[in-house]
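Beneath this line is the structure, given in structure tokens, with notes to follow.
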Amino acid sequence: SQTIHQWPATLVQPVGSPLSLECTVEGTSNPNLYWYRQAAGRGLQLLFYSVGIGQISSEVPQNLSASRPQDRQFILSSKKLLLSDSGFYLCAWSRGGVETQYFGPGTRLLVL
Amino acid sequence: GEDVEQSLFLSVREGDSSVINCTYTDSSSTYLYWYKQEPGAGLQLLTYIFSNMDMKQDQRLTVLLNKKDKHLSLRIADTQTGDSAIYFCAESKGNNNDMRFGAGTRLTVKP
């Protein structure tokens, strides 16, 4: 069976510090991978998606970037965090061509 | 852009049925989903329905789709306190990046 992991679970970072959130998927190969942000009381905003190693598409201009160094690894990064980057970050995967997405447990980021 | 809308809150008594409603605007949506998010956790896929179906039942869950009115509902029979969570409606056309989520309905189940 497939599982998706995210870490850390919770992170408190000062404004201006760098960020690296990691997501890994097990039990499948060549998944589509997604990063979402969920602001408090709001729906999910798609930030990035990837259909393969090194292939990243950005949905919204922002302070964040994503990378996919390995088939089942997806990383969300920032060089300098802003207060507005606070939120709940969710990674998801899906099989190519079938859109049902399966979500990880999420990382709660608080920027102070 | 295309929208998915849900009411933000629903409160029911334990043992009653819950009905969570969702409307969407994209008539070319192919897949419609319900996800559940428990406090501090990620989203769990509950069920999904293809746009050529009217209804899907899975144990205590019943999904109804009115494609003409672009209205999707999730009925939870015999609601339990463990059903308290945020429920997200989502739709997509089956492409890589076109999945759109509603803001979520917070279901509170009172004993």
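For the range B:32-44, filtering for residues that are surrounded by fewer than 18 Cβ atoms within 10 Å (Cβ to Cβ) and modelled with pLDDT under 90 leaves 3.
Somewhere in the range A:40-53, is a residue among the charged types (D, E, K, R) and either free of Cβ contacts under 8 Å to residues at least 24 places away in the same chain or in contact with a Leu (Cβ under 6 Å, 6 or more places away or on another chain) (or both)? Taking every residue of the range A:40-53 in turn, at least one turns out to be among the charged types (D, E, K, R) and either free of Cβ contacts under 8 Å to residues at least 24 places away in the same chain or in contact with a Leu (Cβ under 6 Å, 6 or more places away or on another chain) (or both). Tallying residues that are within 15 Å of the chain's Cα centre (by Cα) and away from chain A (no Cβ under 11 Å) within the range B:1-21 yields 7. The single condition from (1) without any contact (Cβ under 8 Å) to a residue 24 or more places away in the chain; (2) within 14 Å of chain A (Cβ to nearest Cβ) that residue B:26 fails is (1).
Under the condition of being exposed (fewer than 15 other Cβ atoms within 10 Å of the Cβ) and in a strand (DSSP E or B), the residues counted in the range A:30-57 number 3. Residue A:15 meets the conditions (1) out of contact with any helix residue (DSSP H, G or I) (no Cβ under 7 Å at 6 or more places or on another chain); (2) at pLDDT 95 or above in every case but one. The failed one is (1). Restricting attention to the range A:12-37, the residues being within 28 Å of residue B:105 (Cβ to Cβ) and over 11 Å from the mean Cα position of the chain (by Cα) number 1. Within the range A:58-73, the set of residues being under 25 Å from residue A:111 (Cβ atoms) and assigned to a loop (DSSP other than H, G, I, E, B) comprises A:59, A:60, A:61, A:62, A:63, A:64.
Residues of the range A:69-100 that are within 11 Å of chain B (Cβ to nearest Cβ) and under 13 Å from the mean Cα position of the chain (by Cα): A:88, A:89, A:90, A:91, A:92.
For the range B:50-75, residues that are part of a strand (DSSP E or B) and either on the phi > 0 side of the Ramachandran plot or crowded, with 18+ Cβ neighbours inside 10 Å (or both) total 4.
Taking the range B:64-111 as the range and being among the hydrophobic types (A, V, I, L, M, F, W, C), away from chain A (no Cβ under 14 Å) and without any contact (Cβ under 8 Å) to a residue 60 or more places away in the chain as the test, the residues that pass are B:64, B:65, B:72, B:74, B:76. Would you check if residue B:47 is crowded, with 17+ Cβ neighbours inside 10 Å, more than 9 Å from chain A (Cβ to nearest Cβ) and assigned to a loop (DSSP other than H, G, I, E, B)? Here the answer is no, as residue B:47 does not meet what is asked.
The values are calculated or read from the model by the stated rules, or taken from the named source; none is laboratory data. A quick note: this is a predicted structure, and the numbers were derived from the prediction, not measured. When we count neighbours, we look across all protein chains shown, and the Cβ atoms used for this are built from the backbone with ideal geometry, even at glycine.
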